[in-house]
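Bear in mind that the values in this text are calculations on the coordinates, not laboratory data. Treat the numbers as computed from the prediction; the structure is a model and nothing was measured.
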Amino acid sequence: MDKEATTLATEILQELKASARRWFFAFIFMFCLEVATIGGFLWYISLPIDDVTVENEDGNANYIGDDLNGVLNNGESEKNTESNEK
């Protein structure tokens, strides 16, 4: 019976050792993945920013649908001017 207990104990220890090895490699993999993520984020925030400003030399702006007062122009004023001309 003592031999069976010894065999059982060594079998359990071998399974525990294999399990610990798997958990260790999983921890190392996750640690490397986390370091790579942090490194990638630091690299991303250190990239130069391209600020582009576009200036109109004429001073005129294109208003599509609205006039300078903010009134929506749906083409009604054009219809009114055409009907007044007739």
Working out 0.36 nm times the residue gap between ALA36 and ILE12, then minus their Cα-Cα distance, what length gain in nm do you get to one decimal? 5.0 nm
Express in nm, to one decimal, how much length is gained between PHE25 and ILE49 on full extension, taking 0.36 nm for each residue of separation and deducting their alpha carbon distance. 4.7 nm
